[in-house]
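These notes concern the structure reproduced below.
The values are calculated or read from the model by the stated rules, or taken from the named source; none is laboratory data. This structure is a prediction, so every number in the text was calculated from the model and none was measured. Here the Cβ positions follow ideal geometry from the backbone for every residue, glycine too, while neighbour counts run over all protein chains shown.
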Amino acid sequence: MWSGPRNISTAMMYAFANRADCYASDEPLYAHYLAATGVPHPGADEVIAHGETDWRKVVAQLQAEVPDGSAIWYQKHMCQHIIGAIDLDWVGTMRHCFLIRDPREVLLSLSKKTDAIDAWATGLPQQARIISAVSRATGSLPLIVDSRDILHDPERMLRQICQGLDIGFDAAMLEWQAGPKHCDGIWARHWYDAVWGSTGFAAYQPTDETLPEALQDVLKDVQPIYNALTVDRIR
């Protein structure tokens, strides 16, 4: 599952992790991204110290057997973690789904967590690149789903995602226990406070907040990418 930041990516991980047949990994390329870019994210030093910073080793691990022998391995990836040096030849060995969100909402949410924001921080340019790589490697367009659609009708959208991935739907994906999860990355305390309070997908809530002037140019850069991706999303 490929997402940009400040989406429902963690809730989606919790949904799949709540299945009895699924093992979940949280942002396995995050340590590499932080070490390679020096982006001042909360807890960056701790993430780097505890994670694998060699992307080649991470990719090799992701292509190995599922760590606990589960039938499904859910790998939660942030698109912005795919930086220039990372080769995407390996994506053809997996099935993919891309989670998108209105970039205005992403920027509003991201601005509350960090000042290090540009077009690349939204993940959208990388998302378009990864989708192209997956399409070339597999010969077909991967699943694209908008988080707003999921929040409007979680069961219907999750059923469609499961169908598109050739796995059975499990009603356990709709609810989970509140609080930290075994699949959480070490950075969870910095980023997951809201989702820790959840027990399922919250209803979509539009925002009337004003986007800071400093981020208006970023929005102009990434809005066309999002608009193009929404055309091919499942509904």
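Tabulated data
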| quantity | calculated |
| --- | --- |
| Residues located in segment 177-199, provided they are touching a helix residue (DSSP H, G or I) at 6+ places or on another chain (Cβ under 6 Å) and either on the phi > 0 side of the Ramachandran plot or of a type in the set (Val, Ile, Thr) (or both) | 179, 186, 195 |
| Contacts under 6 angstrom Cβ, first residue in segment 62-74 being under 21 Å from residue 168 (Cβ atoms), partner at pLDDT below 95 and assigned to a loop (DSSP other than H, G, I, E, B), 6 or more apart | none |
| Members of segment 204-235 found to be in contact (Cβ under 8 Å) with a residue 12 or more places away in the chain, part of a loop (DSSP other than H, G, I, E, B) and either closer than 21 Å to residue 117 by Cβ or aromatic (Phe, Trp, Tyr) (or both), listed by number | 204, 207, 209, 211, 212 |
| Single unsatisfied condition, residue 119 versus (1) surrounded by 14 or more Cβ atoms within 10 Å (Cβ to Cβ); (2) closer than 23 Å to residue 201 by Cα; (3) modelled with pLDDT under 95 | (2) |
| Residue that is surrounded by the most Cβ atoms within 10 Å (Cβ to Cβ) [pool: residues in segment 170-182 that are within 11 Å of residue 15 (Cβ to Cβ) and not charged (D, E, K, R)] | 173 |
| Selection from segment 90-113 of residues that are exposed (fewer than 15 other Cβ atoms within 10 Å of the Cβ) and within 22 Å of residue 35 (Cβ to Cβ) | 113 |
| Residue check for residue 84: surrounded by fewer than 19 Cβ atoms within 10 Å (Cβ to Cβ) and under 30 Å from residue 220 (Cα atoms) | yes |
| Candidates 20, 49 - the one that is more than 25 Å from residue 137 (Cα to Cα), surrounded by fewer than 19 Cβ atoms within 10 Å (Cβ to Cβ), among the hydrophobic types (A, V, I, L, M, F, W, C) and in contact (Cβ under 8 Å) with a residue 60 or more places away in the chain | 20 |
| Any helices (runs of 4 or more DSSP H) falling wholly within segment 10-87 and containing at least 1 residues that are of a type in the set (Phe, Trp, Tyr) | 30-37, 55-62 |
| Given (1) modelled with pLDDT under 95; (2) touching a Leu at 6+ places or on another chain (Cβ under 7 Å), number of the condition residue 212 does not satisfy | (2) |
| Tally, over segment 90-148, of residues that are aromatic (Phe, Trp, Tyr) and outside any helix (DSSP H, G or I) | 1 |
